[in-house]
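Student: Before anything else, here's the structure in question.
The values are calculated or read from the model by the stated rules, or taken from the named source; none is laboratory data. None of the values given here were measured: they were computed from a predicted structure. Because the Cβ atoms are built from the backbone with ideal geometry, glycine has one as well, and the counts that use them run over all protein chains shown.
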Amino acid sequence: MAELLAIYNEGAGSADDDVRTAVIETLRGGADVVEAPVGEKDLEEMLDACPGRDVVVLGGDGSLHVVVSTLYRRGELDTRTVGLVPLGTGNDFARGLGIPLDPQVAARVVLAGRPHPLDLLIDDEGGVVVNAVHLGVGAEASEQAKPLKPGLGRLAYAVGGLLAGVRSPGWRLRVTVDGRQMAGEDPVLMLGIGNGVTIGGGTPLTPRARPDDGMVDVVVALTTGPLERLAYALRLRRGRHPEMRGVTTGRGREVTVEGEAVPVNADGELVGRTARRRWTVMPAAWRMFT
């Protein structure tokens, strides 16, 4: 029988206790499950107490990010397979990977036990990106959406994107992908680096990205006037932004950004501003049940 460590944060996401309880009961129908309602501070303690168990995340992209980052730091990504039951607000990584959004169906996927190798994005400060990182207007959109989430749910991301898209002036950045320059003269409205496909609860930042191909997809949007910025925000929501003039796309294994300090959002979390950062793909760095 499989041995699982089911990790969740009681204060995160949009799932209620009944849904979580039902998911754990489903998992217990086919595995030996240790239930672990933990926060980031005591996650290490639970992993120490349950060596060798595969880890099931009952939550969203933020919870998945914390677990994968912790396993990477501990050197355990190659010894523990990760399962995901999407109980968050956006659930973007699950969407892009094709993991069912129905919690019970997702739990049965975990029990089926089919591990799938996936890539990981690591920055030059040791930060981990599981799904996507975006700089500029996208990060500002997340900031605008944050206070709206309690009332609007997933719609908050769209509203935040519209507000930020109209107001942002852009940032002067030099962007290179595998040494090839993608931006360097005109101000950049948004830079997106996608291991997964969507951000913000279903917005297709990098529509053709695959988290298992050893590369990331990159999209650079140059800033123009207010109407063009609004058009970009609307097209981004539908995944039509790569067709626009002033939007450049690329793929590669290493992405470097330098220039003006720009806001950064990694896996749905604002991580401050940076004037220089490099991200490198680690192919097949971890495994997930799919």
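Student: What are the residues in segment 50-72 that are farther than 19 Å from ALA112 by Cα and over 18 Å from the mean Cα position of the chain (by Cα), if any?
Tutor: If the condition is that a residue be farther than 19 Å from ALA112 by Cα and over 18 Å from the mean Cα position of the chain (by Cα), then CYS50, PRO51 are the ones that fit.
Student: Looking only at residues in segment 239-270 that are on the phi > 0 side of the Ramachandran plot and within 17 Å of the chain's Cα centre (by Cα), which one is surrounded by the fewest Cβ atoms within 10 Å (Cβ to Cβ)?
Tutor: The qualifying residue surrounded by the fewest Cβ atoms within 10 Å (Cβ to Cβ) is GLY239.
Student: Going by what's in this entry, would ILE122 be described as touching a residue at least 40 places away in the same chain (Cβ under 8 Å), in a strand (DSSP E or B) and either outside the structural domain of LEU191 (by TED's automatic domain parsing) or buried (at least 22 other Cβ atoms within 10 Å of the Cβ) (or both)?
Tutor: When the stated conditions are applied, ILE122 passes them.
Student: Somewhere in segment 211-234, is a residue without any contact (Cβ under 8 Å) to a residue 60 or more places away in the chain, within 29 Å of LEU84 (Cβ to Cβ) and surrounded by fewer than 18 Cβ atoms within 10 Å (Cβ to Cβ)?
Tutor: Looking for residues that are without any contact (Cβ under 8 Å) to a residue 60 or more places away in the chain, within 29 Å of LEU84 (Cβ to Cβ) and surrounded by fewer than 18 Cβ atoms within 10 Å (Cβ to Cβ), one finds none in segment 211-234, hence no.
Student: May I pose another question? Could you run through segment 180-197 and say how many residues are without any contact (Cβ under 8 Å) to a residue 24 or more places away in the chain and part of a loop (DSSP other than H, G, I, E, B)?
Tutor: Of the residues in segment 180-197, 2 are without any contact (Cβ under 8 Å) to a residue 24 or more places away in the chain and part of a loop (DSSP other than H, G, I, E, B).
Student: Do you know which of the residues in segment 249-290 that are in the same structural domain as ILE199 (by TED's automatic domain parsing) and outside any strand (DSSP E or B) is farthest from SER63 (Cα to Cα)?
Tutor: Among those residues, the one meeting the criterion is ARG253.
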